[in-house]
Structures are given as C-alpha cells and as structure tokens.
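**Student:** The structure's right below; bear with me while I get my questions together.
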C-alpha cells in the first residue's frame, strides 16, 4: 500500500485518480483550493486526508507543502492541479505572476522543492505541449499579446521539462510526465473525444508502479512521443522558478 498526494483533486482527473487509488487500497492525501471544495472531497472520499490552499500564490504553495509534510512521508505525488486555456486575458496573481504560469508551473516546482521527496513524482502535461517552446522569452506574458491557448501550451511543456529536470537531478526518484488525452472534464469540455477513465488511469498507475522508467512521457500507460528539450533549457527553467519563488530545488 502506498500513500499518494494528489494536487487539484476536488474534481476532474484528480478525483478520478483518487477514486482509482482508493479502490486499490492506497492511502490518499487530496488537495482543494478552498474549504468548500475540501468538504466536497471529504464527502466523496471520507477516508482521505485533505489539505487546503489556493496555489496561485507562493504563500499558499508553502502552506500546502507544510500541510502535506505534517501528515508524514508520502510514496508519490501527482502534480495534477492546473488551470486551462480559456482565460480571456492575462490574470495577475498576488505575487505579480501570470495566473496560468503560477498554478501550472510554479506550484508544481515549489511543491516538488519543499515536500519531502517521495519515491515517485507524476507531472500532468498535455498533448497541447506540442505548441510550446523551451525558451523563457517572456513566460509571464508581460510584453506579448495575451493568447490563452498558447500560454497553456507553454505551461504544459514547462511541466514536461520540469519532470525531466527532476529525473536527472534526483536519480533515486522516478519522475515522469503524462498526457491524459483530450477528455471530457470541465477543462476539456463535453465534446472531448478521449476516454475519461483512461485519462485518470495513467497517473494513478505511475504513482504506484514499480516500472523503472524515469524522465519519460506517457499516454495510456505507454511511452509517447514528446517535444525534445535540452538539459540546459530544463536547468534554465528550474533556475527561473527558483528565482521567482526564492526556493531552490534541493
């Protein structure tokens, strides 16, 4: 039996992965943005522990990490939390960051850096990462004209790059990224063509599997093609996140 922490698990893919893991007998720590959402989790999975915090802010990222570590060591963390590609304008967080970048990229980075390293890390990417780019030319969309779809795509490529960087730096941790497919969640929309159950399955599987892969990209439990990135660009992303947050990656 493993203990697994899943970010952004009040609904959607995070909650589905939690249900799957709970059905397999694993212990869960789940995460909600605010207390009302936490109550929804407690009703759905009363046996799970729940941590609360809006990880669009650095203070909340730190708080969530502290809450998780206070519960004891975890065997795996699934970085599922994300906002989608439909924001019509650049939204700035309390820390002066683009909302999409803060939630989708900086939160996984900060939680990775602060939570006691587990045996397995899973980062939710997307097939839309194929429209991303590995450089850090205006990742906060200060100088560019806002494009929500491109901002999301870039964030999902950054998640993939982060998983690769962690896999290189922490050889004792299996760190992988996942494309859940275009599934009919609130983010994906009702018309999404992929299987919702399979969309949650791969991250749940990676959180508890003994498969030796690390630094890989999976779709439906199989290695999948992804945009390449260099160690230099991955390290540049890590350094950028460390500078933004003031938190180095150990």
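The values are calculated or read from the model by the stated rules, or taken from the named source; none is laboratory data. All figures in this text were calculated on a predicted structure; none of them were measured in a lab. Backbone-built Cβ (ideal geometry, glycine too); neighbour counts: all protein chains shown.
**Student:** Could you run through the stretch 216-241 and say how many residues are surrounded by 14 or more Cβ atoms within 10 Å (Cβ to Cβ), over 14 Å from residue 158 (Cβ atoms) and at pLDDT 95 or above?
**Tutor:** Looking only at that region, the number is 2.
**Student:** State all residues of the stretch 40-55 that are more than 16 Å from residue 68 (Cβ to Cβ) and in contact with a strand residue (DSSP E or B) (Cβ under 8 Å, 6 or more places away or on another chain); if no residue qualifies, say none.
**Tutor:** 40, 42, 45, 47
**Student:** I'm trying to understand the selection: among the residues of the stretch 67-78, which are in a helix (DSSP H, G or I) and either in contact with a strand residue (DSSP E or B) (Cβ under 8 Å, 6 or more places away or on another chain) or in contact (Cβ under 8 Å) with a residue 12 or more places away in the chain (or both)?
**Tutor:** 67, 68, 69
**Student:** Moving on. Specify the residue that is farthest from residue 116 (Cα to Cα); the eligible residues are those in the stretch 195-232 that are assigned to a helix (DSSP H, G or I) and more than 19 Å from the chain's Cα centre (by Cα).
**Tutor:** Among those residues, the one meeting the criterion is 232.
**Student:** Another question, if that's okay. Can you find, within the stretch 79-97, the residue that is surrounded by the most Cβ atoms within 10 Å (Cβ to Cβ) among those that are touching a strand residue (DSSP E or B) at 6+ places or on another chain (Cβ under 8 Å) and within 28 Å of residue 173 (Cβ to Cβ)?
**Tutor:** So, considering only residues that are touching a strand residue (DSSP E or B) at 6+ places or on another chain (Cβ under 8 Å) and within 28 Å of residue 173 (Cβ to Cβ), the one surrounded by the most Cβ atoms within 10 Å (Cβ to Cβ) is 79.
**Student:** I'd like to check something: does the stretch 36-54 contain any residue that is without any contact (Cβ under 8 Å) to a residue 12 or more places away in the chain, under 30 Å from residue 149 (Cβ atoms) and part of a loop (DSSP other than H, G, I, E, B)?
**Tutor:** Within the stretch 36-54, not a single residue is without any contact (Cβ under 8 Å) to a residue 12 or more places away in the chain, under 30 Å from residue 149 (Cβ atoms) and part of a loop (DSSP other than H, G, I, E, B).
**Student:** Can you tell me which residue in the stretch 168-194 is surrounded by the most Cβ atoms within 10 Å (Cβ to Cβ), limited to those that are part of a loop (DSSP other than H, G, I, E, B) and modelled with pLDDT of 70 or more?
**Tutor:** This residue is 180.
**Student:** A further question on this structure: Look through the stretch 119-135, keep the residues that are surrounded by fewer than 24 Cβ atoms within 10 Å (Cβ to Cβ) and modelled with pLDDT of 95 or more, and return whichever of them is nearest to residue 14 (Cα to Cα).
**Tutor:** 120
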